[in-house]
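A quick write-up on the structure given underneath.
The values are calculated or read from the model by the stated rules, or taken from the named source; none is laboratory data. What you are looking at is a predicted structure, and each value in this text was computed from that prediction instead of being measured. Cβ: placed from backbone, ideal geometry, glycine included. Neighbour counts: every protein chain shown.
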Amino acid sequence: MSSSPFFILDTFRIAQYENPLLKFHIQRTFEAIQFYHSALIKEDILKLYRPFQLATSKVDQKCRLVIDPQTISVIKSEMTPIDLLNDVIRLEYATHRQQTAGRGLQNYKTSDRKYWDDNLSLRWPGTDDVIGINNLNYITETSRFNLFIKMQDQVYTPTLDSGCVNGCLRRSALTDGFVEINQIKYSLQEKDFTVDDVKNCEIYVGNSLRGITKATL
């Protein structure tokens, strides 16, 4: 691990009603902190989220938590308006193609963002985000979204073995067995793809804050 401070991050929608995906956020944080505290109990994490379950305003907001896994505490919280994105997210492939593959802390949102910071700084003007490529030459995710690849009537998302973050929308959709795109439900499975594999596929990106959005390369 890096010698710099290391934190677990989480970002989710907060509204006047309970977010149905919040349980997946709590579970993900629980799993991430278990890398540091094997005897951790779920109640320790539930306590962190209780102040952030319902909005105090009538407008939905973005809640971002920075969590110290050593002390199991929220060291910073931010409530901000949900910024608007383009109707179609413009993507390009990462310049540096050595994102860490495999399972581990790389499957969780953390403060270790060097791979993404480096690649985002090199993107072309007009590009919204970049698609990561791991050291096995498989695509993984973008800097803020999981990928959903549509091939005819089937949708796939990269496996956790690719090194992608196990996003909460991704978790929920895989639990349900389907993902909804343009009000149509498609079966969802995990599968790894190279750049060549997706040349003729429809690409969508998604997270629990924004849902599913069309993307283009």
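The table below gives the values:
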{"read-out": "Those residues of the stretch 174-217 which are of a type in the set (A, V, I, L, M, F, W, C), free of Cβ contacts under 8 Å to residues at least 40 places away in the same chain, under 23 Å from Tyr108 (Cβ atoms) and out of contact with any Gly (no Cβ under 8 Å at 6 or more places or on another chain), in sequence order", "value": "Leu174"}
{"read-out": "Subset of the stretch 170-197 [crowded, with 18+ Cβ neighbours inside 10 Å, more than 15 Å from the chain's Cα centre (by Cα) and more than 13 Å from Gln154 (Cβ to Cβ)]", "value": "Asp192"}
{"read-out": "Among (1) touching an Asp or Glu at 6+ places or on another chain (Cβ under 8 Å); (2) under 19 Å from Asn146 (Cβ atoms); (3) at pLDDT 95 or above - the single one Ile82 does not satisfy", "value": "(3)"}
{"read-out": "Residues of the stretch 47-82 satisfying the condition of being hydroxyl-bearing (Ser, Thr, Tyr) and loosely packed, with under 13 Cβ neighbours inside 10 Å", "value": "Thr56, Ser57, Thr71, Ser73, Thr80"}
{"read-out": "Any hit, the stretch 37-46, residues being modelled with pLDDT of 95 or more, within 18 Å of Gly211 (Cβ to Cβ) and surrounded by 16 or more Cβ atoms within 10 Å (Cβ to Cβ)", "value": "no"}
{"read-out": "Test: residue in the stretch 28-42 that is within 19 Å of the chain's Cα centre (by Cα), part of a loop (DSSP other than H, G, I, E, B), under 25 Å from Asn119 (Cβ atoms) and charged (D, E, K, R)", "value": "no"}
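Residues checked against (1) in a loop (DSSP other than H, G, I, E, B); (2) of a type outside the set (D, E, K, R); (3) modelled with pLDDT of 95 or more:
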site	(1), (2), (3)
Lys76	no, no, yes
Arg97	yes, no, no
Ala101	yes, yes, yes
Trp116	no, yes, yes
Ile133	no, yes, yes
Asn137	yes, yes, yes
Phe148	no, yes, yes
Tyr156	no, yes, yes
